[in-house]
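Peer 1: Starting off with a structure, shown below.
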Amino acid sequence: MNRRNFLRTAMPAGAALAAGAASAQTGAPPCVPPRTADVVYEPTPLAVVDTLIAAAAVGPRDVVFDLGCGDGRFLVAAARRGATGVGFDLNVNLVEWAQANALAERVDERVRFEVRDLFTADLSRATVVTLYLLPELNLRVRPKLWKELAVGARVVSNAFDMGDWQPDRTFEVPTRYRRAYLWTIRPEHKRA
């Protein structure tokens, strides 16, 4: 069984067992994600994370939101540059893993992770948004980015573009998809 299929089957089962055990111990209802995830977790290679964080010129004044944060690697890299941030994921196990990674890297006071649907999150505080979603999800989230992000906010995506929204820069990266993208929110997006 390959890693992707293992994670697809084992992680929800593990989450259910853990939630049931926690519920039995505390009497609280188990933490149930708002809905089933749209993508299967696949980590962005660290070299690509570094490329995109550098391309977005992330620094101490930035608030980075990672939509589908997985293990938290984008926010850990951003926090190392002094930024703060929030990661959203539907997978409880990945959120816990991201929190553990932030703690291990000693950036846990700069970032937090939430079990939340990215389509219900308020993105208005973000100055940078990171994505590694599927093409159709990028297109679904694009109007939300245009509506909620301030002019000048940057958006980076590993692997997939945003349809007819032309990127400011395209990067060749060492992944199976071979491309990553950077966009900037402009005044015309606010009118779209």
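None of the figures in this text is laboratory data; all of them are computed from the coordinates on show. Just so we're clear, the structure is a prediction, and the values are computed from it rather than from any experiment. As a convention, Cβ positions derive from the backbone with ideal geometry for all residues, glycine included, and neighbour counts pool all protein chains shown.
Peer 1: Based on the alpha-carbon gyration tensor of the range 64-109 and its eigenvalue square roots a ≥ b ≥ c, which shape applies: rounded if a/c is under 1.5, prolate if not and a/b is larger than b/c, or oblate? Intermediate results must be reported in sequence, preceding the final value.
Peer 2: Working: a/c = 2.42, a/b = 1.35, b/c = 1.79.
Judged from the Cα gyration tensor, the range 64-109 comes out oblate (a/c at least 1.5, b/c at or above a/b).
Peer 1: Whole Å is fine, so just give me how far the alpha carbon centre of the range 41-76 lies from that of the range 87-106.
Peer 2: Value for the Cα centre distance between the two parts: 13 Å.
Peer 1: Going by average Cβ density within 10 Å per residue, which order do the peptides 118-125, 179-186 take, highest to lowest? If you can, show how the numbers build up before the last one.
Peer 2: On the way: 118-125: 14.9, 179-186: 19.6.
Answer by packing, highest mean first, reads 179-186, 118-125.
Peer 1: With the cut-off at 1.5 for a/c, could you classify the range 54-145 from its C-alpha gyration tensor as rounded, prolate or oblate? List each step's numbers first, then the result.
Peer 2: Numbers: a/c = 1.89, a/b = 1.23, b/c = 1.54.
Judged from the Cα gyration tensor, the range 54-145 comes out oblate (a/c at least 1.5, b/c at or above a/b).
Peer 1: Taking H as built 1.01 Å from N, whose amide H comes closer than 5 Å to the amide H of Gly87, not counting residues under 5 places away?
Peer 2: Amide H neighbours of Gly87: Asp66, Arg112, Phe113, Glu114.
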